[in-house]
Amino acid sequence: MPKPFTPKVVTANALLEGDVIYQTAAGWSRDLKDAEILTDEAHADLRMIEASAQVDLVVGVYLADVSLDGDTPRPTHFREDFRATGPSNYVHGKQEHI
Amino acid sequence: MYSYTEFDHAFLAERNAQFRGQVERRIDGSLTEDEFKPLRLMNGLYLQLHAYMLRVAIPYGTLNSRQMEKLAEISERWDKGYGHFTTRQNIQYNWPQLRDVPDMLDALAEVNLHAIQTSGNTIRNVTADHFAGAAADEVADPRPVAELIRQWSTDHPEFQFLPRKFKVAVTGDTADRAVIKAHDIGLRIVKRGEEIGYEVIVGGGLGRTPMIGKVLYEFVSQEDLLPTLEAIVSVYNLLGRRDNKYKARIKITVHENGIEDIRQRVNERYALIRPQFTGVDQQMLARIEADFGAPEFKSADQTPYLNAYDQDPLFRSWADTNLTAHRNPEYAIVSISLKAHGKTPGDATGRQMRLMAALAKRYGHDELRISHEQNVILPHVHRGDLPSVYYALKAEGLGTANIGLISDIIACPGMDYCALATARSIPIAQEIATRFDELKLEHDVGPLKIKISGCINACGHHHVGHIGILGLDRAGVENYQITLGGDGTEDATIGERAGPGFSADEIIPAVERVVLAYLDLRNDPAETFLQTYRRLGLAPFKAALYPQVAGKESRANAA
């Protein structure tokens, strides 16, 4: 039995700033809640290929698992949680703007 | 301090110009990330979890005030106003932007600092005893030879693509404050009669397979040191396990081949290359040694120190904890704690860095050191100036009296920053420090080293912590394993794993139980945690850590 495909988002780091970013339907966002949610494996593969081709914008593209809170994606692993919010020792990562 | 030559300046300028071009070509798309990554790593630039990170070498942990001021300026101009001092005596900037890094490197070069070989499979920043040149019982200052090794290893054509990274540490004292037995090569300056030489230890290291280094040579003369080092690294370069990243460090090479085999191979290689060392390195060492002459110590009134010691209990506590005997009895070595309770171990703001620079300039013969324990040292302060230094430090949050105590924790950046980490380290350190500050037990507990790593690579030296904590990912949850009885000194020991790990919520109470057990178990307040552990072994501490298991076993034995 193939493993069922669970919801994912395409994520990477921005080339210039190094910030964690998420692929949206139209481009990239620093905010996970803007991310395009991928529920179909073939579509996810296609979006990964498109994202990976943007070598002058992004570094280290991969698919990250998310759970859905309504339409809002939530990280399923603590690493992705920290990536989405920033480090926990100072309020100076993304949490400054959340 | 070593005086940089025109050659050194030209070398840095050329390297930085080269990297500036590489950054431009990455940004305009001429270079792919696969092409650019090894180039940026050769210049200390990583891409971490949330941002780029620039790792800057502080050779053998030595800085002058101008260099510290420059580190502060860089933190404020191109980062978020702080820097993170590491166990490798480096400083890391956690938030640089790619376009700014060439300017940061140029700013560093203005004060003879750089980020070369702070990454990659090459000989990394040479580290040394942070009390070098000041300790009361030092055989010789280890910094001149560390500088010689730095010059020999920088851009050494044979050693740019070793099987893995390679770390060298030097101490000039019988007391080991440089953790030399946990380095690829550890050097201890020793005397044979009146002759200065080196005990050479190889194959130590922490990480996935922690090992204590083995003595390769008990005495190598000064003129034979560089050819010996070259022979060792050359043998490792040939024998090291390039087939398996996890078995590639020299500790595995030594373990798999045996120290006798390694010694024989090094001897053979040494015989071949020795004639190439014609003595120029010794001329260079003599010049370097002249640069590291002792400052002109003053003789002055010590009354201000004695008065403050008598009248201010906070000053007395700080003096008892943060000062170390200097070779000149009128002077003291000041350890400035970067471990204020609840703060991030090793972080200093730009403002704090400027203050430490100013104090070094005014009271400390313009010298600062970074310790592998992530603190800053003023190695030469006259006792009469200590109250002025203390009150200035205290006003900027740098007066914590906890050097060597339970809250003086080494913690790697962990998953708050590091892309390799499997769990966070910093919040655990913050919570332990805060908890024991609340309990007001820190000074009663006395010397106790807690070291925390956020992954198996052990950048937080947890294996040699009296209490070591290793953060792991267990089924998507942060989990913390405890090791006990580790020691990073001349009696280096790898700690024993106590048992199953603890969740993030459980780890602080678990550490508290171990420490309270020690207070019950010690013979008297003079017996340190490590001495008690060595006397009694793991069992009573394990019982404290896992009371339910201990209770069950006790009931089973009674039945």
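Taken together, the values in this text are just the output of simple stated rules run on the coordinates, not laboratory data. All values reported here derive from a predicted model rather than from experimental measurement. A quick note on method: Cβ atoms are made from the backbone with ideal geometry, for glycine too, and the neighbour counts reach across all protein chains shown.
With contacts taken as Cα pairs under 8 Å at a separation of at least 6 residues, chain B carries a relative contact order of 12 percent. Mind running the shape call on chain B? Use the C-alpha gyration tensor, a ≥ b ≥ c as the square roots of the eigenvalues: rounded below 1.5 for a/c, prolate if a/b tops b/c, oblate otherwise. In terms of gyration-tensor shape, rounded. Say the dipole of region B:360-493 comes from +1 at the beta carbon of Lys and Arg and -1 at that of Asp and Glu; which of B:Val389, B:His462, B:Asn375 then lies farthest toward its positive end? Toward the positive end, the furthest listed residue is B:Val389. Averaging the Cα positions of each part gives two centres, and for region A:47-64 and region B:136-183 these lie 41 Å apart. Charge dipole (Cα centre; +1 on Lys/Arg Cβ, -1 on Asp/Glu Cβ; no other charges) of region B:210-295 amounts to roughly 540 debye. Mean per-residue shielding of peptide B:430-439 is 0, counting Cβ atoms of other chains within 10 Å of each Cβ. Which shape class, rounded, prolate or oblate, goes with chain A when its Cα gyration tensor gives a ≥ b ≥ c as root eigenvalues, a/c under 1.5 marks rounded, and past that a/b bigger than b/c marks prolate? Oblate, since a/c reaches 1.5 and b/c is not below a/b. A simple charge model with +1 on the Cβ of Lys and Arg, -1 on the Cβ of Asp and Glu and nothing else charged puts the dipole of the protein assembly as shown at about 1100 debye relative to its Cα centre. Once each part is reduced to its C-alpha centroid, what is the distance from region B:435-458 to region B:117-133 in angstrom? Using only Cα atoms, the two centres lie 26 Å from each other. The local environment of B:Ile273, defined by Cβ-Cβ distances under 13 Å, has a net charge of -2 under the rule Lys, Arg +1 and Asp, Glu -1. For region B:433-559, treating each Cα as an identical point scatterer without solvent, what Debye log10 I(q)/I(0) comes out at q = 0.11, 0.12 1/Å? Each listed q corresponds, in turn, to -0.38, -0.45. Which shape class applies to region B:3-112: rounded if a/c is under 1.5, otherwise prolate when a/b exceeds b/c and oblate if not, where a ≥ b ≥ c are the square roots of the Cα gyration tensor eigenvalues? Oblate. Peptides B:372-380, B:235-243 ranked from most to least packed by the mean count of surrounding Cβ atoms within 10 Å: B:372-380, B:235-243.
When peptides B:52-62, B:435-445 are ranked by their average number of other Cβ atoms within 10 Å per residue, the highest-first order is B:52-62, B:435-445.
Pairs exceeding 31 Å between alpha-carbon atoms, taken from A:Lys94/B:Lys343; B:Lys214/B:Lys449; A:Lys94/B:Lys361; A:Lys8/B:Lys339; B:Lys247/B:Lys552: A:Lys94/B:Lys361; A:Lys8/B:Lys339; B:Lys247/B:Lys552.
The charge dipole of region B:345-441, taken about its Cα centre with unit charges on the Cβ of Lys, Arg, Asp and Glu (plus for the first two, minus for the last two), comes to roughly 240 debye.
The mean number of partner chain beta-carbon atoms within 10 angstrom of a residue's beta-carbon across peptide A:10-21 is 5. Each residue, A:Arg30 and B:Thr209, gets one label point 7 Å from its Cα in the Cβ direction; the gap between the two is 4.4 nm. Under 5 Å from the amide H of B:Ile336 lie the amide H atoms of B:Val376, B:Ile377, B:Leu378, each residue being 5 or more positions distant or on a separate chain, with H modelled from the backbone and absent for Pro and chain starts.
Here the spin labels are modelled as points 7 Å beyond Cα on the Cα-Cβ line, and at B:Asp505 and B:Lys394 they lie 4.0 nm apart. Mean separation of Cα pairs under 8 Å and 6 or more residues apart, divided by the residue count, gives region B:320-435 a relative contact order of 31 percent.
Distances between placed amide hydrogens fall under 5 Å for A:Thr76 paired with A:Ser67, all partners being 5 or more residues away or on another chain. Rg/Rh for region B:254-410 (Cα atoms only, Rh after Kirkwood) is 1.16. In order along region B:327-340, the phi-based Karplus estimate (6.51 cos²θ - 1.76 cosθ + 1.60, θ = phi - 60°) of 3J(HN,Hα) comes to 5, 9, x, 7, 10, 9, 8, 9, 9, 8, 6, 9, 10, 3 Hz; Gly and Pro are listed as x. Rounded to whole numbers, the Karplus 3J(HN,Hα) couplings from phi for region B:136-141 are 5, 10, 6, 6, 7, 5 Hz, using 6.51 cos²θ - 1.76 cosθ + 1.60 with θ = phi - 60°, and x at Gly and Pro. Extents of the protein assembly as shown, taken as max minus min of Cα coordinates on every principal axis and listed largest first, are 76, 71, 53 Å.
What number does region B:389-481 give for Rg over Rh if you use C-alpha atoms and the Kirkwood radius? Rounded to two decimals, Rg over Rh is 1.04. Close amide-amide hydrogen proximity is noted between B:Ile116 and B:Ala57, each under 5 Å apart and 5 or more residues distant or on a separate chain (H modeled in the peptide plane; Pro and chain starts excluded). Computed from the C-beta positions of B:Gln276 and B:Glu6 and an R0 of 30 Å, the FRET efficiency is 0.75 to the nearest 0.05. From its DSSP helices (H runs of at least four residues, each -39,500 (n - 2.57)), chain B gives a residue-normalised ellipticity at 222 nm of -12000 deg cm²/dmol. Measuring r between the beta carbons of A:Ala42 and B:Arg316 and using R0 = 56 Å, the FRET efficiency lands at 0.20. Centroid-to-centroid, using Cα positions, region B:245-265 and region B:465-480 are 29 Å apart.
Peptide A:69-79 is shielded by partner chain Cβ atoms: per residue, an average of 2 of them sit within 10 Å of its Cβ. Computed from backbone phi, the HN-Hα couplings of region A:29-36 come to 9, 7, 10, 4, 5, 7, 5, 6 Hz, rounded to whole numbers (Karplus: 6.51 cos²θ - 1.76 cosθ + 1.60, θ = phi - 60°; Gly and Pro given as x).
What ranking, highest mean first, results for peptides B:146-156, B:350-360, B:404-414 when packing means the other Cβ atoms within 10 Å averaged over each residue?
B:404-414, B:350-360, B:146-156
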